[in-house]
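Engineer: What follows is a single structure, and I will ask about it in a moment.
The values are calculated or read from the model by the stated rules, or taken from the named source; none is laboratory data. Because the structure is predicted, anything quoted here is derived from the model rather than measured. Here the Cβ positions follow ideal geometry from the backbone for every residue, glycine too, while neighbour counts run over all protein chains shown.
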Amino acid sequence: MLDKMKELWEMKRQMDEIKKELDAVTLESEDNYVRVGISGSQEIKSVFIKVELPSADKAKLEASLAETINRAVKQSQKAAAEKMSKLSGFKLPGQA
């Protein structure tokens, strides 16, 4: 039983380390209207609007922002999954 507890503590330590690494990673997604930066732990770090607002089509800008944030979230989920797969030894499709 003591061995299992040690394994659990080691896994928790490794997961805490992975979380620190994910917090330190910033991924970006962008298109013609916006650029969004998101941490590997899925916290939006920055939003940059690349067009002048008076000239921008509000509906296009809103759609662009939503799509760009969603792409950034997917990138951060992928980064987190890659880190977690290293912990578990599980290989994701496409990983060597």
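Engineer: Going residue by residue through the stretch 74-81, is there one that turns out to be of a type in the set (D, E, K, R), surrounded by fewer than 16 Cβ atoms within 10 Å (Cβ to Cβ), at negative phi and modelled with pLDDT of 85 or more? Can you show your working first?
Structural biologist: Taking the stretch 74-81 first, the residues of a type in the set (D, E, K, R) are 74, 78.
Pick out the ones that are also surrounded by fewer than 16 Cβ atoms within 10 Å (Cβ to Cβ) and you get 74, 78.
Still in the list and also at negative phi: 74, 78.
If we keep only those that are modelled with pLDDT of 85 or more too, we end up with 74, 78.
Yes, some residue in the stretch 74-81 is of a type in the set (D, E, K, R), surrounded by fewer than 16 Cβ atoms within 10 Å (Cβ to Cβ), at negative phi and modelled with pLDDT of 85 or more.
Engineer: Name, by its number, the condition in (1) outside any helix (DSSP H, G or I); (2) over 14 Å from the mean Cα position of the chain (by Cα); (3) at pLDDT below 80 that does not hold for LEU87.
Structural biologist: Here LEU87 meets the rest and fails (1).
Engineer: Is the stretch 22-45 home to any residue that is surrounded by fewer than 14 Cβ atoms within 10 Å (Cβ to Cβ) and assigned to a helix (DSSP H, G or I)?
Structural biologist: yes
Yes/no matrix, rows are residues, columns are (1) in contact (Cβ under 8 Å) with a residue 24 or more places away in the chain; (2) touching a Leu at 6+ places or on another chain (Cβ under 9 Å):
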residue: ARG13; (1), (2): no, no
residue: LYS19; (1), (2): no, no
residue: VAL25; (1), (2): yes, no
residue: GLU30; (1), (2): yes, no
residue: GLN42; (1), (2): yes, yes
residue: SER46; (1), (2): no, no
residue: LYS58; (1), (2): no, no
residue: GLN77; (1), (2): yes, no
